Amino acid sequence: MKTIDVKGLSCPQPVVLAIREIKDGTESFTIIVDNSAALKNVQMAFKNHKYKFDVKENDGNYILSAKKSGELIKEQNPSSKIGKHIYVFKTNGIAADELGQMLTHSFIANIKEVHPLPDKIVFYHEGVKLVLENSPVLEALIELENLGVELLICGNCLKFYNVEDKVAVGTLSNAFTILQSITDANNLVSL
C-alpha cells in the first residue's frame, strides 16, 4: 500500500495530496499527518469521495489508512453551478467603525430572509472572528446553520489568531475546500 507522509506541510497541502491520490483512482493508501486540522480535512475528503478509513495515533502523528468504497464523485460541470450562492466574510465587520459593526450584525441577521438562502458562508482572515464564542452574530449564524447553510471556517486563520478552541459554530475547513467552493459558486457575495 502506498504511504504519503505529509508531516510538516501546511494547509492545504495535506488534503490536496490526498485528493490527488483519490482522483488518480488509487484504491487504497495511507497518509500521515501531524496536526488535527490536517486530520479533519483529510477525513472530510475521504468521506466526500466515498473512501473508508481508519485512524491511528502514534507519537502525535495521525496515520489514516484509506480504501475506496464507492465511485469517485465526478467533477462538476458548469451547468451544475446554477443556484449555488456563496457569501464570503474576510473581515469581522463590513467596516472597522461602529456603523460597520452594526451593518454586519444587521446583514447576517437578515440573511435568513433572503431567497434563496446561500449554500455556504465562508469565513477567512479576520472573518473567522464572527464564528467565535461571544460573537455578536453567533445566534444568527447558528440559526443559518440549522437552516442548512454550510459555514466553512479557515483553519489556518483560526490557528494564526490562536482561537481554534473558541469556535462556536461552523465547520473547520481549509484553503483547498474554500477555494473549490468559491470556484463552484454561481453567485458570490464578498464582504
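Cys residues of the chain that find no other Cys beta carbon under 4.7 Å: Cys11.
Taking every DSSP helix (H) stretch of at least 4 residues in the chain, weighting each as -39,500 (n - 2.57) and dividing the sum by the residue count yields a mean residue ellipticity at 222 nm of -9500 deg cm²/dmol.
Stretching the chain fully between Asp34 and Lys67 yields a gain of 9.8 nm (0.36 nm per residue, less the alpha carbon separation). Over all other residues within a Cβ to Cβ distance under 14 Å of Ile111, the charged ones net out to -4, with Lys and Arg as +1 and Asp and Glu as -1. Length gained on full extension, Glu98 to Lys50: 12.6 nm, using 0.36 nm per residue less the C-alpha separation. Under the convention that each Lys and Arg Cβ holds +1 and each Asp and Glu Cβ holds -1, the size of the dipole of region 2-68 around its Cα centre is about 340 debye. Taking other C-beta atoms within 10 angstrom as a stand-in for reagent exposure, Asp97, Asp59 fall in the order Asp59, Asp97, fewest first.
Of the GluC sites (Glu not before Pro) in region 1-57, the ones in a loop by DSSP (not H, G, I, E or B) with at most 13 other beta carbons within 10 Å are Glu27.
Ranking Leu191, Leu141, Val16 by how far each Cα lies toward the positive end of the dipole of the chain (charges on Cβ) leaves Val16 at the top. Using only side-chain charges placed at the Cβ, +1 for Lys and Arg and -1 for Asp and Glu, the dipole size of region 78-190 relative to its Cα centre rounds to 360 debye.
Based on Cα contacts under 8 Å between residues 6+ apart, the chain shows a relative contact order of 21 percent. Between Glu139 and Ser10, the modelled label-to-label distance comes to 3.8 nm, taking each label 7 Å out from Cα in the direction of the beta carbon. With each label modelled as a point 7 angstrom along the Cα→C-beta vector, the Arg20-Asn58 pair spans 2.3 nm.
For region 108-129 and region 134-181, what is the separation of their Cα centres, given in Å? A separation of 10 Å, based on Cα centres.
Only the coordinates and a few stated rules stand behind these numbers; no lab work does. Predicted model, so just to flag it, every value in this text is computed and none were measured. Neighbour counts run over all protein chains shown; Cβ positions are idealised from the backbone, glycine included.
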